[in-house]
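**Q** I'd like to ask you about the structure that follows.
The values are calculated or read from the model by the stated rules, or taken from the named source; none is laboratory data. This structure is a prediction, so every number in the text was calculated from the model and none was measured. Please note: Cβ atoms are built from the backbone with ideal geometry, for glycine as well, and neighbour counts cover all protein chains shown.
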Amino acid sequence: MKSVLITGANKSIGLESARQLLQKGYYVYLGSRNLENGLEAALQLQAEGLTQVEAIQIDVADQQSVDAARAQIGQKTAVLDVLINNAGISGVVPQNALEAGIDNFKSVFDTNLYGWSELPKLLLICCGNRPNPELSTSVPVWVRFPCKATRTGDSTTTPNLPSTPRPNRR
């Protein structure tokens, strides 16, 4: 059985990705910054008969949290096949350009930029036994990872999930 870690999986696109991958037979580590929210989402999926799921607390902007999640997953499996890096925040809303503070911008960058840069390391550390792990994330074109990576917006954003090709805007 293939396994996947989805960050930001307790709601919205992350939760739906978890649901669809569970339906396709994956074991899902449902990553959530708040463990209670993750447990609630896992229970919701289990109530739908999708039982191969468990919540993992992970705050992608907190290195200790990322390390703890890696250790927890590493104790459960020697192979993590897929990482879907879905976590992201929009900061304090509404945001007025004249009133938005630097702390707001820092927290958004910590999560949405620096956070995703650490997660491929998590995948690679967990996947020492997997020849071609898959990474689905929004990354700049210049970033290269030693694994099969797909960028959000490409026609293959997540494994075996339907997607709509988008025009290349480069």
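**Q** Listed residues 55, 69, 41, 18; which is touching a strand residue (DSSP E or B) at 6+ places or on another chain (Cβ under 7 Å), surrounded by 15 or more Cβ atoms within 10 Å (Cβ to Cβ) and under 15 Å from residue 111 (Cβ atoms)?
**A** 69
**Q** Quickly run through the stretch 79-113 and pick out the residues that are under 17 Å from the mean Cα position of the chain (by Cα) and in a loop (DSSP other than H, G, I, E, B).
**A** 79, 80, 81, 85, 86, 87, 88, 89, 90
**Q** Okay, next question. When both residues are 6+ apart or on different chains and their Cβ atoms are under 8 Å apart, which pairs have a first residue that lies in the stretch 84-107 and is closer than 21 Å to residue 119 by Cβ, and a second that is among the basic types (Lys, Arg) and crowded, with 16+ Cβ neighbours inside 10 Å?
**A** Close Cβ pairs (under 8 Å, with a partner that is among the basic types (Lys, Arg) and crowded, with 16+ Cβ neighbours inside 10 Å) amount to 87/33.
**Q** Pick out the one residue from 61, 87 that is within 25 Å of residue 22 (Cβ to Cβ) and modelled with pLDDT of 75 or more.
**A** 87
**Q** Hey, residue 49 hits all of (1) of a type outside the set (A, V, I, L, M, F, W, C); (2) closer than 18 Å to residue 1 by Cβ; (3) crowded, with 19+ Cβ neighbours inside 10 Å but one; which does it fall short on?
**A** Of everything listed in (1) of a type outside the set (A, V, I, L, M, F, W, C); (2) closer than 18 Å to residue 1 by Cβ; (3) crowded, with 19+ Cβ neighbours inside 10 Å, residue 49 misses just condition (3).
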